[in-house]
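Beneath this line is the structure, given in structure tokens, with notes to follow.
The values are calculated or read from the model by the stated rules, or taken from the named source; none is laboratory data. All values derive from a computational prediction rather than experimental measurement. Cβ atoms come from the backbone with ideal geometry, glycine included; neighbour counts cover every protein chain shown. Protein only, heavy atoms only, side chains kept; ligands, DNA and RNA dropped before computing areas. Shrake-Rupley method; radii C 1.70, N 1.55, O 1.52, S 1.80 Å.
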Amino acid sequence: MTQTASAMTTNARAAIVDALNQSVAETAVTTMLAQNFHWNVTGMAFAPLHELFQQIYEDHFTAQDDLAERVKALDGFAEGTLAGMVKRSKVSEHDGQADAETMIKAMLEAQVTLAATLAGAGELAAEHGDTLTEDLCIARGQVHEKFAWFLRSHLR
Ligand SMILES: [Fe+2]
């Protein structure tokens with residue numbers, strides 16, 4: 001049965017909030033990763049990669065806010081420290097000292113990880129009948145798979 005935020009049990013909301021905070025953390029770490037690569041990428045493909053990494057961090061910056069505000073709509077606590085996000089995230093930071101291909105591979109891995117995290121969060125929301133969170137997670141997962149395709153296309 002479809003449930004809205006106010007109709008869900010406290011436990012259901014807490015589980016969904018946790019999955020959303022995981023998604024926020026990984027989106028935030030990937031935002032920084034994309035900005036890092038935007039600044040430090042080098043090579044003959046500098047201009048399009050500089051541009052693509054910007055497109056990614058701009059998208060992810062907005063998404064962090066959308067996901068965290070869904071946490072608030074569910075009456076949860078949006079975890080907002082960088083240290084906490086890095087600790088929780090399955091996406092790792094990078095020192096930015098790498099060639100363009102290595103950066104593309106690292107960003108591809110981040111996008112694939114995020115797509116899986118968002119798909120999982122969406123599935124969890126669906127199990128609790130939280131269609132509205134599920135919809136947000138599905139939309140975000142699709143964006144990450146689109147960026148994964150963009151990145152993968154550079155490697156073929
Ligand atoms: Fe810039």
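Could you check region 98-120 and list, in sequence order, the residues that are among the aliphatic types (A, V, I, L, M) and either more than 19 Å from Asp59 (Cα to Cα) or open to solvent by 60 Å² or more (accessible area, probe 1.4 Å) (or both)?
Result: Ala98, Ala100, Val112, Ala116, Ala119.
So in region 64-92, with the set limited to residues that are assigned to a helix (DSSP H, G or I) and open to solvent by less than 50 Å² (accessible area, probe 1.4 Å), which one is nearest to the ligand (Cβ to nearest atom)? Spell out how you get there, then give the answer.
Within region 64-92, the subset assigned to a helix (DSSP H, G or I) is 64-73, 82-88.
Still in the running and open to solvent by less than 50 Å² (accessible area, probe 1.4 Å): 64, 67-68, 70-71, 84-85.
Working: Gln64: 18, Leu67: 24, Ala68: 24, Arg70: 28, Val71: 29, Gly84: 27, Met85: 22 Å.
Across region 64-92, the extreme among qualifying residues is Gln64.
Take region 43-63 and flag every residue that is within 13 Å of the ligand (Cβ to nearest atom), exposed (fewer than 15 other Cβ atoms within 10 Å of the Cβ) and more than 16 Å from the chain's Cα centre (by Cα).
Of everything in region 43-63, those that are within 13 Å of the ligand (Cβ to nearest atom), exposed (fewer than 15 other Cβ atoms within 10 Å of the Cβ) and more than 16 Å from the chain's Cα centre (by Cα) turn out to be Phe46, Ala47, Glu51.
Being among the hydrophobic types (A, V, I, L, M, F, W, C), out of contact with any helix residue (DSSP H, G or I) (no Cβ under 6 Å at 6 or more places or on another chain) and over 23 Å from Gln54 (Cβ atoms) is the filter here, so list the residues in region 108-156 that pass it.
The answer is Ala116, Leu132.
From the list Leu33, Leu67, Leu82, Leu49, exactly one residue is aliphatic (A, V, I, L, M), in contact with a Leu (Cβ under 7 Å, 6 or more places away or on another chain) and at pLDDT 95 or above. Which is it?
Only one candidate qualifies: Leu67.
Quick check: anything in region 15-35 closer than 26 Å to Leu151 by Cα, within 16 Å of the ligand (Cβ to nearest atom) and either of a type in the set (Asp, Glu) or without any contact (Cβ under 8 Å) to a residue 60 or more places away in the chain (or both)?
yes
Provide a single number: the residues in region 98-133 that are part of a loop (DSSP other than H, G, I, E, B) and in contact with a His (Cβ under 7 Å, 6 or more places away or on another chain). Steps first, please.
We begin by selecting, within region 98-133, every residue part of a loop (DSSP other than H, G, I, E, B); these are 98-99, 128-130.
Subset that is in contact with a His (Cβ under 7 Å, 6 or more places away or on another chain): none.
Of the residues in that region, 0 qualify.
Consider Asp95 against the criteria (1) buried (at least 17 other Cβ atoms within 10 Å of the Cβ); (2) not in a helix (DSSP H, G or I): it satisfies all of them except one. Which criterion is unmet?
(1)
Please work out which residue is nearest to the chain's Cα centre (by Cα), limiting yourself to region 136-156 and to residues that are charged (D, E, K, R) and exposed (fewer than 14 other Cβ atoms within 10 Å of the Cβ).
Going residue by residue through region 136-156, those that are charged (D, E, K, R) are 140, 145-146, 152, 156.
Then keep just the ones that are exposed (fewer than 14 other Cβ atoms within 10 Å of the Cβ); that gives 146, 156.
Working: Lys146: 13, Arg156: 25 Å.
Of everything passing the filter in region 136-156, Lys146 is nearest to the chain's Cα centre (by Cα).
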